[in-house]
1. Please give the Cα centre distance for region 17-90 versus region 209-230, rounded to the nearest Å.
2. Compare the peptides 29-35, 304-310, 440-446 by average per-residue count of other Cβ atoms within 10 angstrom and give them in order, highest first.
3. Is there a pair in Lys11/Lys69; Lys11/Lys449; Lys62/Lys297; Lys147/Lys449; Lys138/Lys483; Lys195/Lys297 whose C-alpha atoms are over 27 Å apart, and which pairs would that be?
4. When DSSP assigns beta bridges and you keep just the ones with both residues in the chain, what percent turn out antiparallel, to the nearest 5?
5. Explain nothing, just compute: Karplus ³J(HN,Hα) = 6.51 cos²θ - 1.76 cosθ + 1.60, θ = phi - 60°, for every residue of region 457-467 in order, whole Hz, x for Gly and Pro.
6. Contact order normalised by length for region 95-198, with contacts defined as Cα pairs under 8 Å and 6 or more residues apart; what percent is it?
7. Given an 8 Å cut-off on Cα distances and at least 6 residues of separation, report the relative contact order of the chain as a percent.
8. From the C-alpha gyration tensor of region 205-493, pull out the three semi-axes of the equivalent ellipsoid (sqrt of 5λ each), sorted largest to smallest, in whole Å.
Amino acid sequence: MLSLCTFAQIKGIVREKDSNLPMEFVNVTLLSASDSAFITGTTTDSLGMFIIPNTITNGIIKVSYIDCKTQFRQIMPKDTLYNFFLQPNENILKEVIVKRKTYLHTAKGIIANIASGPLSKLGNGLDVLSHLPFIINKNGNISVLGKGKPLIFINNRLVRNLSELNQINSSDIKRVEIITNPGAEYDATISAVIKIITSKPIGEGFGCLANAGLSMERNLSHYSGLNIKYRKKEFDLFADLQYNRTSSKAKQLSNRSFLTQQVNENIDMQTNALSWNGSVGLNYEHRDKLAIGAIYKYTSLPHETFTTNDYVEVKYMGHLKDFISNDKRNSVTYSHYINSYLSYYFTKDAYLKVDFDYMNSSNESNQDYSFNSEEIHSKNHSNNMLYAYRAKVISPLFGGTLTSGTDGAFTTNKNRYSILDGTTLQNSLLPASNVAKQQLYSFFSEYEKSFGTHWDISMGIRFEYMNFNYYNNSNNSKKDSQKDKGFYPSAAIN
């Protein structure tokens, strides 16, 4: 017997409630009804319409838009078209939702204007991204609908730690570019790019902002921070320091029966962490002709522990047997990060941009595991180093824009694992060390041009070279090492 199961597409229209006008760029996502897990999603077009594939039998449609009340709708087998009428939240003008030109189409995606709009009042950079079309924020991890994890830039500087998004005030963001068709400027494996552009500082003088907070959930956690800025004519100095201590407890009880067997389990978990984050930087701008700057960031987690105590009691045929295990992990982490940049404008439309990155991070973790009276003690040490550069020249050409440049990255990742004295539990674990070294560089050129107000084209080509070497216990692993190069053309019409 052959059984076939097919699922229809989910179609719908989203309108503004009072005006009945269609709403563009509304996020529409399909969630699992059982656990609200994200399945798939899309955004509405200029007519307010959306189409998404229905791949589950029990799903919920979620429709969300900035400053509107989010709506949910259970999928019904007989429904063929879902109509949503979004209503503004209280104290929000309808003109903000329908009439204000918040989003602009481009050949590569959309541009969201943030300054002076409702998005500028949300809080921080992560809050802004969470409310933009195409973007999904799941527990602080940003992804683009249908594209996966994007590259994120702040003022043309690549974000290597998403915590940076929390350090940007939404009121300082000028616009956000969501690129769903990156083109030749980016690695061939990159399917989406997000660019955050901030507004230039206004005025001169000294500024200071301090913040602190407490939270209580079984254990007390607290944080504090200090941000200092000084601006004088063409110079801009800034520094900040953040302190965070978190502590949490969890308890899990379970009772399971299997025929004549009864299993009772009691798990206690506790986490404690202390972190310091600091940065200092300098920017210099000269008459809209030259911009140069650098920033240094230091991150330290001098104390992070995770402890699990597991007690299992098994009753079988009148016999009782118990098992006790304890898992304690301690780690220390630090990282240094330096970025420097230069922008030079030959004319208003022709300019050079150069960026350099350096990062060095280290982590040392110890694990003590015991099962009844037997023990395993292990230690792991890792070190990661990165050098990266990016340079490009943008110039007008035949009524369009030509972008040409190069980028590269050189990384070294070292990892060493060892079994410590005092281990009594029989195991197959062996000491090991490995090193991974990678060289990446590329050259690219891309041309973009607009035809009237409705058509944009872009075309380009990119050359990439990659050399990856993996060493296991000081021996080069040929099967894991590889070298590759190639040309990758791209084109888009919108």
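1. Centre-to-centre distance over Cα atoms comes out at 37 Å.
2. Working: 29-35: 14.6, 304-310: 16.4, 440-446: 19.3.
With the highest mean Cβ count within 10 Å placed first, the list reads 440-446, 304-310, 29-35.
3. Working: Lys11/Lys69 20 Å; Lys11/Lys449 34 Å; Lys62/Lys297 39 Å; Lys147/Lys449 24 Å; Lys138/Lys483 35 Å; Lys195/Lys297 21 Å.
Listed pairs above 27 Å: Lys11/Lys449; Lys62/Lys297; Lys138/Lys483.
4. Details: 253 of 262 bridges.
Bridges in the chain that DSSP calls antiparallel: roughly 95 percent.
5. Per-residue couplings from phi come out as 10, 8, 8, x, 9, 9, 10, 10, 10, 9, 9 Hz.
6. Values: 181 pairs, mean separation 33.7, N = 104.
This gives 32 percent for region 95-198.
7. Details: 1238 pairs, mean separation 38.5, N = 494.
For the chain, the relative contact order is 8 percent.
8. For region 205-493, the ellipsoid semi-axes come out as 51, 29, 21 Å.
Only the coordinates and a few stated rules stand behind these numbers; no lab work does. Just so you know, these numbers come straight off a predicted model, no measurement behind them. Positions of Cβ are generated from backbone atoms using ideal geometry, with glycine treated the same way; all protein chains shown enter the neighbour counts.
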